[in-house]
Amino acid sequence: MTEDPDVVSRRIAHESLAEDDPTGWFERLYSAAVDGQAVVPWDRGSAHVLLTDWVETARPDGTGKTAVIVGAGTGWDAELIADRGYDTTAFDISPTAIDTAKRNHPDSKAQYEVADLLNPPAEWHRAFDLVVEIYTVQALPIVLQADAIKHVGDLVRAGGTLLVIAAARDDDVADEDVEGPPWPLTRAAIESFTTDDLRLIQLDRTPSPTDPTIHRWRAEYLRD
Ligand SMILES: C[S@@+](CC[C@H](N)C(=O)[O-])C[C@H]1O[C@@H](n2cnc3c(N)ncnc32)[C@H](O)[C@@H]1O
């Protein structure tokens with residue numbers, strides 16, 4: 001590969017977006033990465049540091065509980081949650097991401113599946129004790145985010161927890177001034193995950209350790 005990987009991934013994304021196919025670029029990018037033609041920029045080779053920190057602090061016991069990892073990519077976050085004992089479902093819209101996750105984690109206790117957050121299986125409605133959403137909503141154009149946010153919240157069962165990790169955008173930055181992907185989430189977007197019975201119980205905004213000009217939300221919600 002001679003081109004800068006960030007340039008390649010942006011080109012693939014912009015081609016899909018220009019074709020009015022806002023989610024098609026994920027499969028194109030993951031399969032180009034398998035062919036050595038691109039690098040998946042968010043593939044860290046480990047769980048997200050803010051998820052790891054939450055697990056180390058909250059020390060959740062997943063025994064007898066279910067978890068779902070939204071837009072699970074190549075599986076590192078799912079493995080961390082499955083290792084805490086949760087019966088873990090990890091899904092992604094990209095079949096190649098799911099194949100790569102299975103290849104990365106051949107002894108996994110998680111179930112990896114291809115599924116679309118914007119059209120999830122009916123049996124997932126309010127089915128999970130823990131829902132983990134990291135960087136999927138922000139990877140979708142702003143016009144799709146409200147629908148995606150609603151579908152994420154709908155996965156949480158009564159008494160369950162939703163954890164959202166996303167890049168933060170200041171509320172005074174207008175939608176049209178954001179040249180995604182990604183399209184980071186405003187505080188208003190983070191608050192819009194709440195419903196009458198899904199409450200925001202903790203919200204942190206912290207700088208990225210690699211680039212302090214970028215901030216990340218970690219939001220925790222509880223369904224009554
Ligand atoms: C920016 S990546 C983040 C991946 C992973 N959550 C992480 O933090 O490393 C967004 C992921 O969401 C997946 N994705 C995008 N739209 C989706 C949808 N509608 N349903 C399911 N997965 C989706 C992409 O294929 C990609 O793996």
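When the range 142-167 is filtered for residues that are in contact with a Pro (Cβ under 7 Å, 6 or more places away or on another chain) and open to solvent by 20 Å² or more (accessible area, probe 1.4 Å), the ones remaining, listed by number, are Leu144, His151. Thr194 fulfils the conditions (1) more than 24 Å from Trp25 (Cα to Cα); (2) in contact with a Lys or Arg (Cβ under 8 Å, 6 or more places away or on another chain) except for a single criterion, (2). Among the residues of the range 60-71, the ones that are open to solvent by 10 Å² or more (accessible area, probe 1.4 Å) and within 7 Å of the ligand (Cβ to nearest atom) come to 1 in all.
Restricting the range 42-59 to residues that are open to solvent by 70 Å² or more (accessible area, probe 1.4 Å) and out of contact with any Gly (no Cβ under 7 Å at 6 or more places or on another chain) leaves a set whose member that is farthest from the ligand (Cβ to nearest atom) is Arg59.
Scanning the range 189-207 for any residue that is within 18 Å of Asp147 (Cβ to Cβ), in contact (Cβ under 8 Å) with a residue 24 or more places away in the chain and surrounded by fewer than 14 Cβ atoms within 10 Å (Cβ to Cβ) turns up nothing.
Does the range 168-179 hold any residues that are surrounded by 14 or more Cβ atoms within 10 Å (Cβ to Cβ) and without any contact (Cβ under 8 Å) to a residue 40 or more places away in the chain, and which are they? Scanning the range 168-179 gives Arg169, Val178.
Being surrounded by fewer than 19 Cβ atoms within 10 Å (Cβ to Cβ) and assigned by TED's automatic domain parsing to the domain that holds Val152 is true of Asp99. Of all residues in the range 72-96, exactly one satisfies the criterion of being more than 10 Å from the ligand (Cβ to nearest atom), hydrophobic (A, V, I, L, M, F, W, C) and open to solvent by 10 Å² or more (accessible area, probe 1.4 Å), namely Leu80.
Within the range 119-132, can one find any residue that is within 11 Å of the ligand (Cβ to nearest atom) and surrounded by fewer than 21 Cβ atoms within 10 Å (Cβ to Cβ)? Yes, the conditions are met somewhere in the range 119-132. The criterion of being charged (D, E, K, R) and in the same structural domain as Gly180 (by TED's automatic domain parsing) holds for Arg59. Residues in the range 15-30 that are open to solvent by 40 Å² or more (accessible area, probe 1.4 Å) and under 20 Å from the mean Cα position of the chain (by Cα): Leu17, Asp21, Glu27, Arg28.
Filtered by the rule that a residue be modelled with pLDDT under 90 and crowded, with 18+ Cβ neighbours inside 10 Å, the range 1-14 gives Val8, Ser9. Considering the range 105-118, and only residues there that are open to solvent by less than 30 Å² (accessible area, probe 1.4 Å) and within 13 Å of the ligand (Cβ to nearest atom), the residue that is farthest from Ala148 (Cα to Cα) turns out to be Tyr112.
With the requirement that a residue be of a type outside the set (Gly, Ala, Ser) and in contact (Cβ under 8 Å) with a residue 40 or more places away in the chain, what does the range 11-24 give you? Selection gives Leu17, Pro22, Thr23.
The values are calculated or read from the model by the stated rules, or taken from the named source; none is laboratory data. Computed from a prediction, not measured in an experiment: that's the story for all the values here. Cβ coordinates were reconstructed from backbone atoms using ideal geometry, including for glycine residues, and neighbour counts include every protein chain displayed. Calculation scope for accessible area: heavy atoms of the full protein, side chains included, ligands and nucleic acids excluded. Shrake-Rupley method; radii C 1.70, N 1.55, O 1.52, S 1.80 Å.
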